[in-house]
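Peer 1: This structure is in structure tokens; I'll ask about it shortly.
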Amino acid sequence: MLLELHVRNLALIEQADMEFGDGLNILTGETGAGKSILIGSVNLALGQKASKDMIRSGAQSAYVELIFSVEEEKRAALAALEVYPDENGLLIISRKLQASRSVSRINDETVTMARLRAVTALLIDIHGQHEHQSLLRVSKHLEILDAYDKNPISPLKEETAGLFSRYQTLKGKLAEIGTDQEGRKREADFLRFEIEEIENAAIKEGEEEELSGRYRKLSNGRRILESLSAAYEATDSDGVGQALRRVGEVVEYDADLTPIRDQLYDAEALLADVRHAIGQYMDQTEVDEEELAQVEQRLDVIHALQAKYGNSVARMEKALEEKRARLHELEHFDEYRERTERELANITARLEVACQKLSEERKAAAKGLTERIRVGLKELNFQDVRFSMEFRRLSSYTAGGFDEAEFLISTNPGEPERPLGTVASGGELSRVMLAIKTALADSDDIPTLIFDEIDTGISGRTAQKVSEQLAVISRSHQVICITHLPQIASMADCHFEIAKSVSSGKTTTGIRQLSEEEIVTELARLLGGAEITDAVIGNAREMRRLATVARTRVREEGRL
């Protein structure tokens, strides 16, 4: 779960530190206080696109840090991404935003945005203000169903995707075969030319490197001889010999000169050996223009083939094998086409069976899911609701099978069930999404859920039902919820106030956790607005007491 959030110099937030608890964490505040900035900071840490305009005015950078406590069952999934919590099970995710760039880290290791999103997708899920609009996309409905029954469905989807990939490949091959006999003849002729070109070249492993070295030596032959000639003259040992004689004349007078005389002996011998070696090299070396031309010509052949078929012998050999295989296909065209058609028929039959099994599993799961959603909707004040899922077969196969599925709903007695997107209002869609989240709670292993203003378009008794539904979800998940409604806020296990203040001409958003008495005061503000009377305080206190009782009841029962 998410233990802590730390924000520095982001928009109106100069510094904010929050320690979240288990269960239901509620965030409230006046409109414009900065609640959206807080969710924005979390999204920023999770890898959302960042803008330098988010950096607080006057600051050089912004910083967001999330500290997660990772349970044992999540560690294997993280290990597959090469991410490991510390010995206390803590995982620290941070992002520093500067004017020119941003840097994300996991436990002090810099990571890419793609890897960051893959990791955080295992830890936290944000339900934004407008996420319920995704229910208007029919493709989302099948995605929800697959998430609900993922243990049996996931392996079936993997099998279907593998067969579909092979199916697509074979269809592509048959399309390439076509009926262009003249085109096949031209392709075969060109393949024979390329095969012959590679075979005749007979390039050996390491030949290009060896010839390149030989070419450098031959092409610089004159320069080598000129330099060696100068070196030969410079290694004349006359000077060393003269020095040796002069020291030898006086060494009998001072024994300390003996090491110097010996070193001069060695130097004279060494120079003689070097001079001899240079002389031998020069005698054996000549500028061979004919060999240079041959080496240059062979290198031209090698480089030309490398440009066409690959810059290594292994790649050229692979290209050769591929061209031989393709030529064999063209020379045995009818046999190849028949074999491909038989294989495609076999894969199509297997794909049909896999899609059928996947569809049957989905239809069976849909009954359980839609019933759970229907019960959840009834508990969210849809009194006479009916909810189901309609399946249609697509005209072609896909990697996800041949199903198209759509949620249907009827909210009034006597009315037929219709597609969700054509019936539900914005507030109703929000409640449907909450019912779906509740239905998925047992199968969803993401530990932390954030709801940004789930109360859009609702009030009164419905708001009370939504608050109780959030309490149900918070039995098995950590829930963080931004709300304007006292009915929802009263259910909080932890309550935070987001407030805006002005100091020294600068506007700042601050966040603090409320005590039990401060929670009552905040509920009174939500209930009564600007003027908070004793009666409003009394109502707020009673609301908090009743919410505590209801929260305990729904968590014990596991339902409303």
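The values are calculated or read from the model by the stated rules, or taken from the named source; none is laboratory data. Since we're looking at a predicted model, the values are computed, not measured. Cβ sites come from the backbone with ideal geometry, for glycine too, and all protein chains shown count toward neighbours. The protein model used for the area step is the full one, side chains on, heavy atoms only, and it has no ligands, DNA or RNA in it. Shrake-Rupley method; radii C 1.70, N 1.55, O 1.52, S 1.80 Å.
Peer 1: Which residue pairs have Cβ atoms closer than 6 Å, lie 6 or more positions apart in sequence or on different chains, and pair a first residue in the range 306-334 that is in contact (Cβ under 8 Å) with a residue 12 or more places away in the chain with a second residue that is charged (D, E, K, R)?
Peer 2: The qualifying pairs are Val313/Glu205; Lys323/Glu194; Leu330/Arg184.
Peer 1: Out of the helices (runs of 4 or more DSSP H) lying entirely within the range 205-274, which hold 2 or more residues that are under 30 Å from Gln306 (Cβ atoms) and of a type outside the set (S, T, N, Q)? Step through it out loud before you land on a result.
Peer 2: Working: elements: 207-219, 221-234, 238-250.
Because the criterion is at least 2 residues that are under 30 Å from Gln306 (Cβ atoms) and of a type outside the set (S, T, N, Q), the helices (runs of 4 or more DSSP H) in the range 205-274 that meet it are 207-219, 221-234.
Peer 1: Out of all the residues in the range 163-173, is one or more at pLDDT below 90 and open to solvent by less than 80 Å² (accessible area, probe 1.4 Å)? Full working, then the answer.
Peer 2: To start, the set of residues in the range 163-173 that are at pLDDT below 90 comprises 172-173.
Now narrow it down to the ones that are open to solvent by less than 80 Å² (accessible area, probe 1.4 Å): 172-173.
Among the residues of the range 163-173, at least one is at pLDDT below 90 and open to solvent by less than 80 Å² (accessible area, probe 1.4 Å), which makes the answer yes.
Peer 1: Can you spot a residue in the range 24-31 that is in contact with a Phe, Trp or Tyr (Cβ under 6 Å, 6 or more places away or on another chain) and either at pLDDT below 85 or at negative phi (or both)? Before you say what the answer is, go through the steps one by one.
Peer 2: The first filter runs over the range 24-31 and keeps only residues in contact with a Phe, Trp or Tyr (Cβ under 6 Å, 6 or more places away or on another chain), leaving 27.
Now drop any that are not either at pLDDT below 85 or at negative phi (or both), which leaves 27.
Checked against the condition, which is being in contact with a Phe, Trp or Tyr (Cβ under 6 Å, 6 or more places away or on another chain) and either at pLDDT below 85 or at negative phi (or both), the range 24-31 yields at least one hit.
Peer 1: Go through (1) closer than 18 Å to Phe164 by Cα; (2) part of a helix (DSSP H, G or I); (3) open to solvent by 70 Å² or more (accessible area, probe 1.4 Å) for Glu371 and report which single condition fails.
Peer 2: (1)
Peer 1: If you don't mind, another one. Would you mention how many residues in the range 412-448 are at pLDDT 80 or above, farther than 15 Å from Ile144 by Cβ and in contact with a strand residue (DSSP E or B) (Cβ under 8 Å, 6 or more places away or on another chain)?
Peer 2: 5
Peer 1: Please enumerate the residues belonging to the range 134-156 that are assigned to a helix (DSSP H, G or I) and in contact with a Leu (Cβ under 8 Å, 6 or more places away or on another chain). Show your work before the answer.
Peer 2: Going residue by residue through the range 134-156, those that are assigned to a helix (DSSP H, G or I) are 134-136, 138-148, 150-156.
Selection gives Leu135, Leu136, His141, Ile144, Leu145, Ala147, Tyr148, Ile153, Leu156.
Peer 1: Looking only at residues in the range 177-192 that are surrounded by fewer than 10 Cβ atoms within 10 Å (Cβ to Cβ) and in a helix (DSSP H, G or I), which one is modelled with the highest pLDDT?
Peer 2: Kept after step one, since they are surrounded by fewer than 10 Cβ atoms within 10 Å (Cβ to Cβ), are these residues of the range 177-192: 179, 181-182.
Those still in the list that are in a helix (DSSP H, G or I) too: 181-182.
On the way: Gln181: 69, Glu182: 76.
Per the criteria, the residue is Glu182.
Peer 1: Here's something else I'd like to know. Return the residues of the range 388-419 that are more than 24 Å from Ile153 (Cα to Cα) and outside any strand (DSSP E or B); say none if nothing qualifies.
Peer 2: Correct list: Thr411, Asn412, Pro413, Gly414, Glu415, Pro416, Glu417.
Peer 1: Still on this model: In the range 289-327, which residues are farther than 17 Å from Ser212 by Cβ and open to solvent by 60 Å² or more (accessible area, probe 1.4 Å)?
Peer 2: Glu289, Glu290, Lys308, Ala314, Arg315, Glu317, Lys318, Glu321, Glu322, Arg324
Peer 1: Right, here's the next one. Being within 25 Å of Ile473 (Cα to Cα) and charged (D, E, K, R) is the filter here, so list the residues in the range 377-423 that pass it.
Peer 2: Result: Lys378, Glu379, Asp384, Arg386, Glu406.
Peer 1: So for the range 32-48 (the condition being in contact with a helix residue (DSSP H, G or I) (Cβ under 8 Å, 6 or more places away or on another chain), of a type in the set (Gly, Ala, Ser), open to solvent by less than 20 Å² (accessible area, probe 1.4 Å) and at positive phi), does at least one residue qualify?
Peer 2: Yes: the range 32-48 contains one or more residues that are in contact with a helix residue (DSSP H, G or I) (Cβ under 8 Å, 6 or more places away or on another chain), of a type in the set (Gly, Ala, Ser), open to solvent by less than 20 Å² (accessible area, probe 1.4 Å) and at positive phi.
Peer 1: Only one of (1) farther than 30 Å from Gly162 by Cβ; (2) open to solvent by 70 Å² or more (accessible area, probe 1.4 Å) fails for Leu377. Which number is that?
Peer 2: So the condition that Leu377 fails would be (2).
Peer 1: What is the residue count in the range 253-302 for residues that are in contact with a helix residue (DSSP H, G or I) (Cβ under 8 Å, 6 or more places away or on another chain), free of Cβ contacts under 8 Å to residues at least 24 places away in the same chain and either closer than 30 Å to Glu199 by Cα or among the β-branched types (Val, Ile, Thr) (or both)? Spell out how you get there, then give the answer.
Peer 2: Within the range 253-302, the first condition is being in contact with a helix residue (DSSP H, G or I) (Cβ under 8 Å, 6 or more places away or on another chain), and the residues that meet it are 257-258, 260-261, 264-265, 267-268, 271, 275, 278-279, 281-282, 285-288, 291-292, 295-296, 298-299, 301-302.
Retained after the next criterion (residues that are free of Cβ contacts under 8 Å to residues at least 24 places away in the same chain): 257-258, 260-261, 265.
Keeping just the survivors that are either closer than 30 Å to Glu199 by Cα or among the β-branched types (Val, Ile, Thr) (or both) gives 258, 260.
Total satisfying the criteria: 2.
Peer 1: For the range 497-532, what are the residues that are modelled with pLDDT of 85 or more and assigned to a helix (DSSP H, G or I)?
Peer 2: If the condition is that a residue be modelled with pLDDT of 85 or more and assigned to a helix (DSSP H, G or I), then Glu516, Glu517, Glu518, Ile519, Val520, Thr521, Glu522, Leu523, Ala524, Arg525, Leu526, Leu527 are the ones that fit.
Table: residues versus (1) at pLDDT 90 or above; (2) not hydroxyl-bearing (Ser, Thr, Tyr).
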residue	(1), (2)
Gly279	no, yes
Ser312	no, no
Glu321	yes, yes
Glu335	no, yes
Val353	yes, yes
Gln356	yes, yes
Lys378	no, yes
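Peer 1: A further question follows. For residues that are over 44 Å from the mean Cα position of the chain (by Cα) and over 16 Å from His495 (Cα atoms), tally how many sit in the range 529-553.
Peer 2: 13
Peer 1: For Ala399, state whether it is at pLDDT 90 or above, more than 34 Å from the chain's Cα centre (by Cα) and either among the hydroxyl-bearing types (Ser, Thr, Tyr) or surrounded by fewer than 17 Cβ atoms within 10 Å (Cβ to Cβ) (or both). Quick ask: steps written out before the conclusion?
Peer 2: Numbers: at pLDDT 90 or above: yes; more than 34 Å from the chain's Cα centre (by Cα): no; either among the hydroxyl-bearing types (Ser, Thr, Tyr) or surrounded by fewer than 17 Cβ atoms within 10 Å (Cβ to Cβ) (or both): yes.
No; evaluated as a whole, the condition is false for this residue.
Peer 1: State all residues of the range 32-60 that are touching a residue at least 60 places away in the same chain (Cβ under 8 Å) and under 20 Å from Ile454 (Cβ atoms); if no residue qualifies, say none.
Peer 2: Correct list: Gly32, Ala33, Gly34, Lys35, Ser36, Ile37, Leu38, Ile39, Val42, Asn43, Leu46.
Peer 1: Kindly indicate which of Arg362, Arg386 is touching a strand residue (DSSP E or B) at 6+ places or on another chain (Cβ under 7 Å) and either modelled with pLDDT under 90 or farther than 13 Å from Leu142 by Cα (or both). Lay out the reasoning, then the answer.
Peer 2: Details: Arg362 fails: either modelled with pLDDT under 90 or farther than 13 Å from Leu142 by Cα (or both).
It is Arg386.
Peer 1: Would you point out the residue of the range 206-230, among those that are of a type in the set (A, V, I, L, M, F, W, C) and farther than 19 Å from Val274 by Cα, that is surrounded by the most Cβ atoms within 10 Å (Cβ to Cβ)?
Peer 2: Of the residues in the range 206-230, the ones of a type in the set (A, V, I, L, M, F, W, C) are 211, 218, 224-225, 228, 230.
Add one more test, that the residue is farther than 19 Å from Val274 by Cα, and what stays is 211, 218.
Details: Leu211: 16, Leu218: 18.
By that ranking, first place goes to Leu218.
Peer 1: Can you pull out the residues in the range 49-104 that are open to solvent by less than 70 Å² (accessible area, probe 1.4 Å), among the basic types (Lys, Arg) and at pLDDT 90 or above?
Peer 2: Residues of the range 49-104 that are open to solvent by less than 70 Å² (accessible area, probe 1.4 Å), as a first pass: 50-51, 54-56, 59, 61-62, 64-70, 74, 77-79, 81, 83, 85-86, 89-95, 97-98, 102-104.
Checking which are among the basic types (Lys, Arg) leaves us with 56, 74, 95.
Once the filter is applied, which keeps residues that are open to solvent by less than 70 Å² (accessible area, probe 1.4 Å), among the basic types (Lys, Arg) and at pLDDT 90 or above, the range 49-104 yields only Arg95.
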